[in-house]
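**Q** Structure below; questions to follow.
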Number of protein chains: 2
Amino acid sequence: MDGSIARSSEDRLIARYFAPLAGPAGLALKDDAALITPPLGCDLVVTVDTVVASVHFFADDPADAVAEKALGVNLSDIAAKGAKPLGFVMALSLPDDWREEWLAKFAEGLGKAAEKGACPLLGGDTTRSAGPLSISITVFGSVPSGTMVRRTTAKPGDLIAVSGTIGDAALGLKIRSAPEREWAGGLSETDYAHLLGRYLRPQPRLILADVLRKHASAAMDVSDGLIGDCAKLLHASNVTGRLQIENVPLSPAAHVAIGFNPGLLADAVTGGDDYEILLTLPPERLDDIVKDARAAGCAITVIGEVMAGDQPLTVTLRGERFLTRAGSFSHF
Amino acid sequence: MDGSIARSSEDRLIARYFAPLAGPAGLALKDDAALITPPLGCDLVVTVDTVVASVHFFADDPADAVAEKALGVNLSDIAAKGAKPLGFVMALSLPDDWREEWLAKFAEGLGKAAEKGACPLLGGDTTRSAGPLSISITVFGSVPSGTMVRRTTAKPGDLIAVSGTIGDAALGLKIRSAPEREWAGGLSETDYAHLLGRYLRPQPRLILADVLRKHASAAMDVSDGLIGDCAKLLHASNVTGRLQIENVPLSPAAHVAIGFNPGLLADAVTGGDDYEILLTLPPERLDDIVKDARAAGCAITVIGEVMAGDQPLTVTLRGERFLTRAGSFSHF
């Protein structure tokens, strides 16, 4: 190269694949920083989650599904806090053997997920490493000042409830890991596809944000397993509680699988990747929240109650202690 | 484990090492999300940068220096935009062989850097992977509405200037990579330590934020090499320009090294990790900016000028075209 300087290939990648996804605040990704003008009278809610190949997804998952999951797991946190997405920044770490076709499909999936979530790309950083593909996304959302739904504010006497159905993704992961499992034989093709799909493409419950802000006393998303996440919420609120496993809502597909092999119930309620909302609410709010959630397009089901005390969460199945190997997925 | 659920070890790590660093907006890291109440009448400036072991730092660099660099490279972007830090979130990916002593020292260094930058930890995510240690930090800053200093707004006729001194970190990296280099023999111990230190512990120019907002027409931080970054800024502004390399400010240590081996000048002006500010300004602002920057504790030096046109940046050394192998560090 002589005294003239060409643009680097990193800039070319950004310009080609990611600049088209950028919202106005992303300054077309031509600056070092994104600019957010927060809505008046609002607080900003910020969440960050990383997904890593071979830990959070399979290295051969479709690139667009990887993008959808990387953004979706963060949008799920935003929804659980009662917030509306404003945008996101992404730190993408590509492995040495990355391919441009992969990146093109990833960017396409990311664009679709961003559009669906009304959450534009604002900025990012792309690096390479000797390690696996890794995507850290930070999402910004807004709530009217002082109304973020906390994890720490569950009160004794509150009901514990959950959105949608639990365990589909954990069972989908089992299918994905070993497609020939005997119990999967009892599943119709539709059931099979449903479970696989819920693992591969989590759907953040953004439609519940307003409902949570209106009625919930505390909330978090269920990402590391229902029982463990419930224990976390109660601990953070300095309370305890009990869960009735027989009340946990299951999809028709999960019912079939668990009917075939009852041991899978433990996987369903301790496996990760549900991306449903776990919430607590005063009992007098139950009728309204169920109605409002249904109007938004999602079921809310009561699965337990909050109690005073600092002893561990009690988990029962039809009145008997429910035994599990582990309560929650942990990276350590 | 029976029906009672204990807290996971991930929560324990966060509670022990990172919760003590959290500012009030971090909700003591007990929630899924951080909450920022943006100052009235301000825009939010957001920047994200990842540092990866063996790419951006040496795996055996001191853990506290790694933390300082991971936060510092982001604070440098915030400074270049004329913004004041509000806080940060971190996605930390630990390798399989991570040790708790390392994490303790890392957290200590991160706490010190956060305090020095008045930029508290607001939230984060910790994962493990088979890959190298990787740290993605997203920093939030604020500027009075509409005053963020852009990269895209340099005008023909503006001067090009730079803060501090250039090339120290690139020479420090050379020493770090091969301590016995012949040319390093010409350096005093103080010079040697100065160059190494500028590579290991970048000092973001937060003290220049107000000065930039007041006088600069455009700015960015110098992280990937002066010449390449200057080409980026001009390209983003749809202008061109020329740089006079003989005017690039060098530290006494860099002068000694380059005097010993003139070939190192090219390393100094194309190597990365300066974390100085590259800026443009109308010529009539020169006296004021130099005075204000000096009052803030930092030199500003003119190194070139912006011109109309879209041809590549011209780089000369005492009137002759200055030849370099590559203008800027690129990850691709």
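The values are calculated or read from the model by the stated rules, or taken from the named source; none is laboratory data. The structure displayed is predicted, hence computed values, not measured ones. Here the Cβ is made from the backbone with ideal geometry for all residues, glycine too, and neighbour counts use every protein chain on show.
**Q** Scan the stretch A:280-300 residue by residue and report those that are over 22 Å from A:N238 (Cβ atoms) and crowded, with 20+ Cβ neighbours inside 10 Å.
**A** Hits for the stretch A:280-300 are A:I289, A:A293, A:I300.
**Q** Checking the conditions here, which among A:G123, A:G141 is in contact with a Pro (Cβ under 9 Å, 6 or more places away or on another chain), crowded, with 24+ Cβ neighbours inside 10 Å and not in a helix (DSSP H, G or I)?
**A** The unique qualifying residue is A:G141.
**Q** Inside the stretch B:272-308, can you point out the residues that are in contact with a helix residue (DSSP H, G or I) (Cβ under 9 Å, 6 or more places away or on another chain) and of a type in the set (V, I, T)?
**A** Scanning the stretch B:272-308 gives B:I277, B:T280, B:I289, B:I300, B:T301, B:V302, B:I303, B:V306.
**Q** Would you pick out the residues in the stretch A:57-96 that are within 9 Å of another protein chain (Cβ to nearest Cβ), surrounded by fewer than 24 Cβ atoms within 10 Å (Cβ to Cβ) and farther than 19 Å from A:G123 by Cβ?
**A** Passing the criteria: only A:P95.
**Q** Just to be sure I understand, how many residues within the stretch A:270-297 are part of a helix (DSSP H, G or I) and either among the acidic types (D, E) or touching a residue at least 60 places away in the same chain (Cβ under 8 Å) (or both)?
**A** Qualifying residue count, the stretch A:270-297: 11.
**Q** Please state which one of B:I277, B:I303, B:I258, B:I245 is surrounded by 18 or more Cβ atoms within 10 Å (Cβ to Cβ) and at pLDDT below 95.
**A** B:I258
**Q** On to the next question. Run down B:G167, B:G157, B:G146 and say which single residue is on the phi > 0 side of the Ramachandran plot, at pLDDT 90 or above, crowded, with 24+ Cβ neighbours inside 10 Å and in contact with an Asp or Glu (Cβ under 9 Å, 6 or more places away or on another chain).
**A** Of the residues listed, the single one that is on the phi > 0 side of the Ramachandran plot, at pLDDT 90 or above, crowded, with 24+ Cβ neighbours inside 10 Å and in contact with an Asp or Glu (Cβ under 9 Å, 6 or more places away or on another chain) is B:G167.
**Q** Now for a separate question. For A:S54, state whether it is within 11 Å of chain B (Cβ to nearest Cβ), modelled with pLDDT of 80 or more, within 26 Å of the chain's Cα centre (by Cα) and at positive phi.
**A** Considered against the rule, which asks whether it is within 11 Å of chain B (Cβ to nearest Cβ), modelled with pLDDT of 80 or more, within 26 Å of the chain's Cα centre (by Cα) and at positive phi, A:S54 comes out as yes.
**Q** Which residues, taken from the stretch A:138-192, are within 14 Å of another protein chain (Cβ to nearest Cβ) and in contact with a Lys or Arg (Cβ under 6 Å, 6 or more places away or on another chain)?
**A** Selection gives A:G141, A:S142, A:T147, A:M148, A:V149, A:T152.
**Q** Same structure again: Looking at the stretch B:214-243 only, could you name the residues that are of a type outside the set (A, V, I, L, M, F, W, C), farther than 15 Å from B:A170 by Cα and in a loop (DSSP other than H, G, I, E, B)?
**A** Result: B:S217, B:S237, B:N238.
**Q** Something else about it: For the structure I just gave you, tell me whether B:P249 is outside any helix (DSSP H, G or I) and without any contact (Cβ under 8 Å) to a residue 12 or more places away in the chain.
**A** Judged against the criteria, B:P249 is not a match.
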